[in-house]
Amino acid sequence: MRSLFTIGLIASWYASNIGVLLLNKFLLSNYGFKYPIFLTLCHMMACSLLSYIAIEWLKIAPMQRVKSRLQMMKISALGFIFCLSVVGGNISLRYLPVSFNQAVGATTPFFTAVFAVVMTSKREGWITYVTLGEPLFHLFGFMMCIGATAARALKSVLQGLLLSSEGEKLNSMNLLMYMAPVAVMALFPAALYMEKGVGKRERGGGRGYIDLDIQKSSINYRDAWILTHSGRGYSLY
């Protein structure tokens with residue numbers, strides 16, 4: 001039964017990940033929605049609300065409390081790193097094709113293995129994928145994609161530490177509930193300052209695309225965090 005649950009969870013994560021990626025690309029590149037920070041802010045607000053509902057009302061997981069200031073600092077660091085990875089990935093989609101974005105993202109296991117050695121002194125086997133010759137190469141988009149990939153790897157390692165640390169162990173749903181508001185607080189002023197006029201931009205049919213994107217991203221983040229809790233940080237990539 002547990003194997004079937006894991007297979008279903010992986011299938012859900014895989015499908016939602018593809019859906020979010022393609023929809024983000026459509027919104028940020030083809031549709032002309034040029035507010036990647038605001039889009040990430042919407043994702044994090046939805047994660048904050050839905051994770052709290054899942055824990056407090058639906059009782060999917062028991063409520064856990066933050067036990068120390070150091071633990072809260074780790075969660076806050078995770079929130080900021082998570083913001084960098086998601087915002088960087090969304091910005092890169094404005095300039096790079098989805099295929100090249102994913103080719104660069106396939107190097108995540110390499111960065112994860114490096115950060116795992118640095119932070120935990122644990123060596124893991126890894127395979128590095130290198131892709132050359134992309135005809136629609138864009139230097140700024142490539143730099144943002146590399147930065148997002150490295151941040152995603154660091155996020156996975158830190159997330160794994162918080163999910164498995166003795167004495168301060170949190171389950172995946174509680175960690176998401178505490179981390180998402182930190183990300184919201186970091187993204188809100190950035191969106192106000194750097195993406196002025198976002199509230200005036202979407203009043204028509206585009207709102208439906210954004211709502212669908214938020215729903216898919218919430219499912220994707222939930223599945224990814226649960227899978228990281230049950231396995232190694234780079235197993236999703």
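The values are calculated or read from the model by the stated rules, or taken from the named source; none is laboratory data. Computed from a prediction, not measured in an experiment: that's the story for all the values here. No Cβ is skipped: glycine too gets one built from the backbone with ideal geometry, and neighbour counts run over all protein chains shown. Surface accessibility is based on the protein's heavy atoms, side chains included, excluding ligands, DNA and RNA. Shrake-Rupley method; radii C 1.70, N 1.55, O 1.52, S 1.80 Å.
In this model, which of Lys25/Lys59; Lys34/Lys155; Lys34/Lys59; Lys25/Lys196; Lys67/Lys155 are farther than 31 Å apart at the alpha-carbon?
Numbers: Lys25/Lys59 35 Å; Lys34/Lys155 25 Å; Lys34/Lys59 38 Å; Lys25/Lys196 21 Å; Lys67/Lys155 21 Å.
Going by Cα-Cα distance, Lys25/Lys59; Lys34/Lys59 fall outside the 31 Å limit.
Grab the Cα-Cα distance for Ser3 and Lys59, subtract it from 0.36 nm times how many residues apart they are, and report the gain in nm with one decimal.
Values: separation 56, 0.36 × 56 = 20.16 nm, distance 2.27 nm.
Taking Ser3 through Lys59 to full extension adds about 17.9 nm, to one decimal.
What distance in nm separates the two pseudo spin-label positions at Ile10 and Val117, each 7 Å out from Cα along the beta-carbon direction?
The answer from the label model is 2.7 nm.
Averaged per residue, what accessible area in Å² does the stretch 18-106 show with a 1.4 Å probe, protein chains only?
Each residue of the stretch 18-106 exposes 46 Å² on average to a 1.4 Å probe.
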